[in-house]
Amino acid sequence: MDLGLQGARVLVTAGAGGIGRAIAEAFLEEGARVHVCDVDEAALATLPAGITGTRCDVSDRAGVAALFAGLDALDVLVNNAGIAGPTGLVEEINPEDWDRCIEICLTGQFNVARLAIPLLRKSGNPSITNLSSAAGRFGFGMRAPYAAAKWGVIGFTKSLAIELGDAGIRVNAILPGLVAGDRQRRVLEAKAQARGVSYAEIEAAAFANTSIKEYVTPRQLADQVLLLASPRGRTVSGQAISVDGDIQKLA
């Protein structure tokens with residue numbers, strides 16, 4: 001299916017691996033001109049032909065400014081960068097770990113969006129997709145910093161959609177559930193260790209309140225992002241779209 005993204009100029013943060021890479025490669029398949037940023041230099045070195053990359057930590061405003069100094073046009077921003085943050089009770093969490101999670105997962109999206117918006121205003125098909133999480137809809141015991149950041153992303157998304165509607169810039173959030181990959185495995189392992197139970201028990205609990213009991217793939221998330229960024233999605237804005245197999249609550 002031709003989504004009308006040929007030649008679209010796309011920026012994906014944390015786009016050298018995981019979900020971000022799946023998104024970047026999906027845009028490339030549609031003929032888009034894709035640039036990614038990432039902190040992982042080794043992963044950046046493995047990007048396929050047609051995707052360019054810059055080392056950048058989205059929590060570093062000077063680094064983000066340097067990234068945008070090399071961009072002269074933009075149609076699509078995918079704010080994907082994020083970290084899992086600490087696992088533990090609030091009274092046990094290191095405040096520095098709290099700060100780092102908020103800085104990357106929430107403030108990092110602000111750092112990138114504020115510089116992307118002037119470029120997006122010049123586009124004929126501008127969009128921003130922010131990666132939130134199922135944790136942005138539910139309370140998430142032992143993952144408070146991450147949940148707080150991802151709730152914040154939804155508020156940021158809705159506010160941007162209101163501000164930018166007159167410019168035709170649509171802004172949406174994607175809320176993944178349990179995503180196949182090493183990052184999800186590490187999160188479940190950390191929770192299993194913190195609770196003193198097995199990985200299998202934690203995994204079963206994670207799926208207990210989900211209608212479709214299977215992992216979401218990065219490609220499924222990429223397909224949703226592509227639709228929102230395409231002309232087919234030009235009247236969809238201000239939405240928090242769950243791609244999670246119908247999670248009712250997080251365990």
Ratio to report: Rg/Rh of region 135-251, with Cα atoms as the point set and Rh obtained by the Kirkwood method; give two decimals. 1.03
For a Förster distance of 45 Å, can you work out the FRET efficiency between the beta-carbons of Asp2 and Asp97, rounded to the nearest 0.05? 0.50
D for region 14-54, whole µm²/s, Stokes-Einstein with Kirkwood Rh over alpha-carbon pairs at 20 °C and 1.002 mPa s: what number? 221
Taking the chain and a Cβ-Cβ threshold of 4.7 Å, the cysteines left without a partner are Cys101, Cys105
Report, in deg cm²/dmol and to the nearest 500, the calculated mean residue ellipticity at 222 nm for the chain, where each DSSP H run with n ≥ 4 adds -39500 (n - 2.57) and the sum is divided by the residue count. -12500 deg cm²/dmol
Cross-link pairs beyond the 23 Å C-alpha cut-off, checked among Lys191/Lys249; Lys158/Lys213; Lys122/Lys150: Lys158/Lys213; Lys122/Lys150
Can you tell me how region 1-91 classifies by the Cα gyration tensor, rounded, prolate or oblate, using a/c under 1.5 as the rounded cut? prolate
Which value results when the Cα radius of gyration for region 46-149 is divided by 2.2 N^0.38 Å? 1.23
Diffusion coefficient in µm²/s returned for the chain by Stokes-Einstein, Kirkwood Rh over C-alpha pairs, 37 °C and 0.692 mPa s, is 180
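Values in this text are rule-based calculations from the coordinates and carry no lab data. Keep in mind that this is a model prediction, so the values were computed, not measured. Backbone-built Cβ (ideal geometry, glycine too); neighbour counts: all protein chains shown.
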